[in-house]
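The structure under discussion appears below in the form of C-alpha cells.
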Amino acid sequence: MYIWRKRATTDWLRIRSEDLIRRFGGALAIVERPGIARTLVEISCADESNARALVSEFSGSVERLRRDWLAHFTRTDRARPLCVGPRLVILRTREKKRRPNRARALVIPAEAAFGTGEHATTAMCLRLLERITRRLPPGWRMLDAGTGSGVLALAGSCFGAKRVVAIDFDPIACATAKRNARANRIRDIEFVNGDVLKRKLRGKFDVIAANLFSEILIEALPIWWRHVVPGGWLILSGILRGQERAIRRTLRQTGFEVFGIRRRGKWIALLAQRPVG
C-alpha cells in the first residue's frame with residue numbers, strides 16, 4: 001500500500017475537489033490543521049505506479065506503508081474513545097466500549113480526516129458544548145461554523161438541539177459530515193456548503209461553535225453578534241495562545257463577554273456570551 005500526499009492551497013483544492021471526489025472516493029483524505037494555511041491532501045494507492053502517476057499529475061510525494069499498517073492502525077484506533085462529560089462518548093469504530101452509563105455513542109471514523117474529536121481544539125469545544133447545554137431549555141438552536149467531520153454538530157444534536165445548521169467551505173467536508181450523520185442516524189442537521197463570512201443566515205441561534213483560523217473568527221464576530229440570541233453562547237477555537245489577546249479584544253469590542261478559557265498545549269478555546277439586555 002502506498003500513500004500519495006500534497007500540501008495544497010485553498011484555491012488548489014477548491015478547483016479540484018469535485019474531480020478528486022469523483023475519481024478517488026473513499027481513497028481520498030483531506031487533513032486540515034487549525035493555524036496551518038495549507039491543507040494536506042492524501043490518496044491511498046494499491047501500488048507504487050498509481051502513486052507515482054499522481055506525482056506526475058499533481059506533484060507531491062509518495063510514502064510506502066509498512067506491511068502491517070492496517071493492524072497497526074487498528075490497534076491505535078481502538079485505544080482512543082473520547083468521553084465528553086457523562087453524556088457522550090466518541091468512537092472511531094462501532095465496537096462496544098466501556099462508557100459512562102446512559103452516554104450516547106457517536107462513531108466518527110478516523111478516515112474522515114476532518115477531525116474525530118481528539119484534536120485539542122475539537123476536544124475543548126466538545127467539552128464546552130457539553131457543559132453549557134446541560135441547562136439549555138428544550139428546542140435550542142445551534143450553528144456549527146466550519147463543521148469539518150460534523151462532530152460538533154452531531155454532538156449538539158445529541159445534547160438536545162432541535163435545529164442545527166452546519167456550514168463548511170469545503171464540499172468534501174460537507175459530504176463527509178453528511179455521511180457521518182447518516183451513519184449515526186441523526187437527521188435534524190442542515191448541512192450547507194458555503195463561506196461562513198458570506199453565507200446568509202436565517203434566524204438566531206442559542207449556541208454558535210466555530211473551530212476556525214483566528215483571522216476568520218475575528219472577521220465573523222460582528223456577523224455572529226446579529227445571529228446569537230441575548231444570553232446565547234459562542235464557543236471558539238482554532239486559536240493559538242499568541243492570538244488570544246486579539247480574539248478577546250475583538251470579542252469585547254463586539255459586545256461579547258468572555259466566560260471561560262481552556263488551554264491545551266499551544267491551543268486555546270474561548271467561551272463567550274452575548275449579554276442579556
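The values are calculated or read from the model by the stated rules, or taken from the named source; none is laboratory data. All of these numbers come straight from a predicted model, not from anything done at the bench. Cβ sites come from the backbone with ideal geometry, for glycine too, and all protein chains shown count toward neighbours. Accessible surface is based on the protein model in full, side chains and every heavy atom, while ligands, DNA and RNA are left aside. Shrake-Rupley method; radii C 1.70, N 1.55, O 1.52, S 1.80 Å.
Quick notes on this one:
- Qualifying residues in segment 1-15 (those that are of a type outside the set (D, E, K, R) and farther than 11 Å from Ile30 by Cα) - the one surrounded by the most Cβ atoms within 10 Å (Cβ to Cβ): Trp4
- Residues in segment 126-172 that are touching a Ser or Thr at 6+ places or on another chain (Cβ under 8 Å) and acidic (Asp, Glu): Asp168, Asp170.
- Note on segment 134-150: residues that are at pLDDT 95 or above and either in contact with a Phe, Trp or Tyr (Cβ under 7 Å, 6 or more places away or on another chain) or under 15 Å from Leu236 (Cα atoms) (or both) amount to 5.
- Residues in segment 57-97 that are modelled with pLDDT of 85 or more, within 30 Å of Arg16 (Cα to Cα) and either basic (Lys, Arg) or within 18 Å of the chain's Cα centre (by Cα) (or both): there are none.
- When segment 252-263 is limited to residues that are open to solvent by 50 Å² or more (accessible area, probe 1.4 Å) and assigned to a helix (DSSP H, G or I), the one that is nearest to Leu136 (Cα to Cα) turns out to be Arg252.
- Scope segment 254-267; condition without any contact (Cβ under 8 Å) to a residue 40 or more places away in the chain and under 12 Å from Cys125 (Cα atoms); matching residues: Ile261, Arg263
- Spans of helices (runs of 4 or more DSSP H) in segment 145-251 with at least 3 residues within 19 Å of Ala120 (Cβ to Cβ) and either open to solvent by 10 Å² or more (accessible area, probe 1.4 Å) or not acidic (Asp, Glu) (or both): 151-158, 214-225
- Which numbered condition Arg274 fails, given (1) over 18 Å from the mean Cα position of the chain (by Cα); (2) open to solvent by 60 Å² or more (accessible area, probe 1.4 Å); (3) more than 20 Å from Thr122 (Cα to Cα): (2)
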